[in-house]
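Student: Before anything else, here's the structure in question.
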Amino acid sequence: MIADEIIRITSELPVGCRLVAVSKYHPVEALREAYGVGQRIFGESHVQELQMKHGELPQDIEWHFIGHLQTNKVKYIAPYVSLIHAVDSGRLLREIDKQAAKVGRRISCLLQLHVAEEESKFGFAPDECMDYLAAGEWSKLQHVQIAGMMCMATNTDDEARIRRDFALARATFVDAQQRFFSSDSAFCELSMGMSHDYRIAIEEGATLVRIGSTIFGNRVY
Ligand SMILES: *Cc1c(COP(=O)(O)O)cnc(C)c1O
């Protein structure tokens, strides 16, 4: 079942778009099943749970942290995390830089854009994000690589609204790429789309889709 879903979704993805299997709240056996059919990128959103799974599962897994990350927890995942999706402040980026320096790494990060209607979500408004990049402080950080942007669309059945949110994220990403990263090919990822809206996200240019419940079912703990 898990294996079938991984194979089905992966076969649907266009070239240049990769699947992040969002395995939060699911036991390591479920991840092993996905691993068994070749899945190597897993997304988690709780530090303690990620620590445990990282310890138990094969070392060639690319672990992505997709949730809201508290600055005081960065140090636990800095030694091995492959990509941090939801960087929503300069303060968090500085802390990731500091912890990456301590372990001799350069950690790839995505800036989280707030494009959804809901007020409570984290992230930079598109204008704020461009202002943050224009200020330039980030470019002095040697141990982080800003590798692109991520967003969540409005939680709605209104496809037009979802499409508008993703299109705004894509436009912001392209604008930033042209203005600040034109000589940096590592700025290349646009993480958007979850179980209910990933097909729209792909049409709007996602390079990473984060899919959980479609693969693993509803959460077990
Ligand atoms: C849980 C989560 C997902 C996956 O959501 P599903 O609806 O289960 O596919 C994607 N992105 C983020 C940031 C999440 O927290």
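Student: Consider only pairs whose beta carbons are under 6 Å apart and that are at least six residues apart or on different chains; among these, list those whose first residue lies in the stretch 71-98 and is within 19 Å of Leu50 (Cα to Cα) and whose second residue is basic (Lys, Arg).
Tutor: Every condition considered, no pair remains.
Student: Here are Leu57, Leu31: which of them is away from the ligand (no atom under 16 Å from the Cβ), closer than 18 Å to Gly212 by Cβ and surrounded by 15 or more Cβ atoms within 10 Å (Cβ to Cβ)?
Tutor: Exactly one of Leu57, Leu31 is away from the ligand (no atom under 16 Å from the Cβ), closer than 18 Å to Gly212 by Cβ and surrounded by 15 or more Cβ atoms within 10 Å (Cβ to Cβ), namely Leu57.
Student: Answer yes if at least one residue in the stretch 212-220 is part of a loop (DSSP other than H, G, I, E, B), modelled with pLDDT under 95 and either away from the ligand (no atom under 14 Å from the Cβ) or among the basic types (Lys, Arg) (or both), and no otherwise. Working first, answer last.
Tutor: Step one: of the stretch 212-220, the residues part of a loop (DSSP other than H, G, I, E, B) are 212, 217-220.
Restricting the remaining residues to those that are modelled with pLDDT under 95 gives 217-220.
Next, only the ones that are either away from the ligand (no atom under 14 Å from the Cβ) or among the basic types (Lys, Arg) (or both) stay: 219.
Looking through the stretch 212-220, at least one residue is part of a loop (DSSP other than H, G, I, E, B), modelled with pLDDT under 95 and either away from the ligand (no atom under 14 Å from the Cβ) or among the basic types (Lys, Arg) (or both).
Student: Considering each of Ile211, Ile162 in turn, give the residue that is hydrophobic (A, V, I, L, M, F, W, C), surrounded by 15 or more Cβ atoms within 10 Å (Cβ to Cβ) and without any contact (Cβ under 8 Å) to a residue 40 or more places away in the chain.
Tutor: Testing whether each residue is hydrophobic (A, V, I, L, M, F, W, C), surrounded by 15 or more Cβ atoms within 10 Å (Cβ to Cβ) and without any contact (Cβ under 8 Å) to a residue 40 or more places away in the chain leaves just Ile162.
Student: Might you let me know whether the stretch 177-186 holds any residue that is away from the ligand (no atom under 14 Å from the Cβ), on the phi < 0 side of the Ramachandran plot, loosely packed, with under 13 Cβ neighbours inside 10 Å and in contact (Cβ under 8 Å) with a residue 24 or more places away in the chain?
Tutor: yes
Student: Please go through the stretch 60-75 and give me each residue that is more than 12 Å from the ligand (Cβ to nearest atom), under 17 Å from Ala86 (Cβ atoms) and surrounded by fewer than 17 Cβ atoms within 10 Å (Cβ to Cβ), ordered by number.
Tutor: Across the stretch 60-75, the qualifying residues are Glu62, Gln70, Thr71, Asn72.
Student: Could I ask something else about it? Out of Gly205, Gly136, I need the residue that is without any contact (Cβ under 8 Å) to a residue 40 or more places away in the chain and in contact with a Leu (Cβ under 8 Å, 6 or more places away or on another chain). Which one?
Tutor: Sole residue among the options that is without any contact (Cβ under 8 Å) to a residue 40 or more places away in the chain and in contact with a Leu (Cβ under 8 Å, 6 or more places away or on another chain): Gly205.
Student: Of all residues in the stretch 1-48, which are under 17 Å from Leu110 (Cβ atoms) and charged (D, E, K, R)?
Tutor: Arg18, Glu44
Student: Working only within the stretch 28-46, note down all residues that are within 28 Å of Phe122 (Cα to Cα) and either touching a strand residue (DSSP E or B) at 6+ places or on another chain (Cβ under 8 Å) or without any contact (Cβ under 8 Å) to a residue 12 or more places away in the chain (or both).
Tutor: The answer is Leu31, Arg40, Ile41, Phe42, Gly43, Glu44, Ser45.
Student: For residues in the stretch 105-131 being part of a strand (DSSP E or B) and of a type in the set (A, V, I, L, M), which is surrounded by the fewest Cβ atoms within 10 Å (Cβ to Cβ)?
Tutor: Leu110
Student: Now, a different point. Kindly list the number of the only condition in (1) more than 14 Å from the ligand (Cβ to nearest atom); (2) of a type outside the set (Ser, Thr, Tyr); (3) surrounded by fewer than 19 Cβ atoms within 10 Å (Cβ to Cβ) that fails for Phe173.
Tutor: Only one criterion is unmet by Phe173, namely (3).
Student: Only one of these conditions is not met by Ala134: (1) part of a loop (DSSP other than H, G, I, E, B); (2) surrounded by fewer than 22 Cβ atoms within 10 Å (Cβ to Cβ). Which number is it?
Tutor: For Ala134, the exception is condition (1).
The values are calculated or read from the model by the stated rules, or taken from the named source; none is laboratory data. From a predicted model like this one, the values you see are computed outputs, not experimental measurements. We place every Cβ from the backbone using ideal geometry, glycine too, and count neighbours over all the protein chains shown.
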